[in-house]
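The values are calculated or read from the model by the stated rules, or taken from the named source; none is laboratory data. Here the structure is a predicted model, which means the values were calculated and not measured. Cβ placement follows ideal geometry from the backbone for every residue including glycine, while neighbour counts extend to all protein chains displayed. Calculation scope for accessible area: heavy atoms of the full protein, side chains included, ligands and nucleic acids excluded. Shrake-Rupley method; radii C 1.70, N 1.55, O 1.52, S 1.80 Å.
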Amino acid sequence: MASQHTPAAAVTGTAPAPTPRRTVLKAAGLATLTATAATAFGAAAFPAHAEESRPTDPYDVIVIGAGFAGIAAARAARAQGRRTLLLEARSRIGGRTWTGTFAGEQVEMGGAWVHPVHTRVWHEIQSHGISLVADDTPPDSLVLPSGSGYAAFSPDEAGTRLGELLTDFFAGAESYFPQPHDPLLRADLLAEPDRLTLRDRLDQLRLSPQDDAWLAGHTATAGGTNTRGAYTALVRQYALSGWDLGTYNGLNAYRPVSGMTGLATAMLRDQPVTLRLNSPVAAVTDTGSRVFVDTRRGERFTAASVVVAVPANVWNTIAFPAGLPREFAAASAAGIAVPHAKKIWMKVRGGAGRFLAQGTETGSPLIGVVPHTTLADGSMLMIGFSVDPALDHTSLPQVQAALRRFSPDAVVEALVSQDWGTDPYARGGWSFMRPLQLTRQLRTLQQPYGRLVFAGSDIAAGWSGFVEGAVESGEHAAGLALEIASRRSVLTAA
């Protein structure tokens, strides 16, 4: 929650047009958007449901994973009157979103922000009567690479230049996604662009050293690293933003007052889905007529169809006795979610005040730092993001040393953090496809495989890497799973 020292508007209904956020802020904000729980916060409250069942009872649909994709899928199936079981490995719902408390403030350890262009999530917030907090207070300065170190720049100066650089970065890509929610509509135009990494595109621009450092820091924050992320993955986000830099830079404009856990809980309460927490899945066996789901606790459940709504990086930790198609296995092995992704909340005193920092493409333990809230004691809550496997995110001295690269006098008084890469049920942070995953794999990953359907933000048609994409993918998967279950019901009746 914002304190009295940082004015924030609580709004309901249609939001006002967001104040354009500077490019570097948007880049750092990407890390939290679809960016699993910090267990130090304990188990989240979850809804109690009227429907009870024995482990041997058959279901119409089983959904594996109670993140936003799984919740959307389970709710949609149950709304059609289908007996639905939702299995979650953790002791909480929410997947790669989790709301907790730090330094007396509500904090998000994963997905945090929403925007009116996220139409499904925006509708959920409105329909459940959840108010919004507008995060539009600009930073006092932007700290960016300069020479051999970092320097503070005015937001107007740096934001203008970064906007110009991004315009060049996206130039020529306007035809790739004429209908952004159907990303393969012009697959014929994507064969060459989808081979490019972010670094490949940066090299094509032949930028000066400082321009390259500024733009490369932004793109690396989105893609994890520039040599990992696909150029087309960032172009998709720009296309979904209406090819408008103001929207693209303002995607982290609003937060639900309830927190993302509150939103997930409200959605799950819409239907009496049977929810089982602490139920990690060990194996999924499709016999051709039914599907058996075995948990690591030794329970077995059966259903006509199954939605696998866990991150793609986790697919290969579940046994599929019949095997997975090559595209599924390859996507899970390579990963779609950014590895080594860490989110760190810091209580900071002194330093450069309300600054926003962006690291260099390589060699920066923190790739981005975002100011959040000024506390009553004068200290500042700041969010740091890292993809450095060597950074001990729990070590206050290491985190302070990393922060002091941007602000030499900053003192980190306390911190709490989450390493998504080491979370066994995430194995990565925010979604960002690698080269050729879009054109060679996405269409297959969105289709049923026998009686199995896969879902998640990683493979969304639209907002991949955002909660919006998770909801979209979950609803789509539920429709396919219900078709499969219906075919079996008709055959059984006959």
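A few comments on the model shown:
- In plain terms, the chain from Arg404 to Gln204 could stretch by 68.7 nm, reckoned as 0.36 nm per residue minus the Cα-Cα distance.
- About the centre of its Cα atoms, the stretch 135-215 shows a dipole size close to 300 debye [charges on the beta carbon of Lys, Arg (+1) and Asp, Glu (-1) only; nearest 20 debye].
- Per-residue ³J(HN,Hα) for the stretch 268-278, Karplus 6.51 cos²θ - 1.76 cosθ + 1.60, θ = phi - 60°, Hz, x for Gly and Pro: 5, 6, 5, 9, x, 6, 7, 10, 10, 7, 6
- Sites listed here are trypsin sites (Lys or Arg not before Pro) in the stretch 180-231 whose DSSP assignment is loop and whose Cβ has at most 11 other Cβ atoms within 10 Å: Arg206.
- Expected 222 nm ellipticity per residue - DSSP helices of 4 or more, -39500 (n - 2.57), all of the chain, to 500: -9000 deg cm²/dmol
- Considering only the chain, percent of DSSP beta bridges that pair antiparallel, nearest 5: 70 percent
- By accessible area with a 1.4 Å probe, ligands and nucleic acids excluded, highest first: order of His372, His218, His123: His123, His372, His218
- Cα gyration tensor, the stretch 119-269 - rounded (a/c under 1.5), prolate or oblate: oblate
- Evaluating 6.51 cos²θ - 1.76 cosθ + 1.60 at θ = phi - 60° for every residue in the stretch 363-376, the Karplus couplings come out as x, 9, x, 10, 8, x, 9, 10, x, 10, 9, 8, 8, 4 Hz, glycine and proline recorded as x.
- With R₀ set to 45 Å, the beta-carbon distance separating Ala283 from Trp243 gives a calculated FRET efficiency near 0.50.
- For Glu413, distant residues with modelled amide H under 5 Å away: Lys347, Val348, Arg349
- Length added when fully stretched, Thr167-Arg443, from 0.36 nm per residue minus Cα-Cα: 96.5 nm
- Here the calculated FRET efficiency for Glu174 and Ser154, from their Cβ-Cβ distance with R0 = 30 Å, stands at 0.50, rounded to the nearest 0.05.
- Projecting label points 7 angstrom from Cα along Cα→Cβ for Ala333 and Leu396 puts them 4.5 nm apart.
- Local net charge near Leu403, Cβ-Cβ under 15 Å (Lys/Arg +1, Asp/Glu -1): +3
- Considering only the stretch 46-178, percent of DSSP beta bridges that pair antiparallel, nearest 5: 70 percent
- Which labelled figure in (1) 37, 25, 20; (2) 46, 24, 21; (3) 53, 24, 22 is semi-axes √(5λ) of the Cα gyration tensor in Å, once derived from the coordinates: (1)
- Theoretical FRET efficiency, 1/(1+(r/R0)^6), r = Cβ-Cβ of Arg186 and Asp377, R0 51 Å, to 0.05: 0.40
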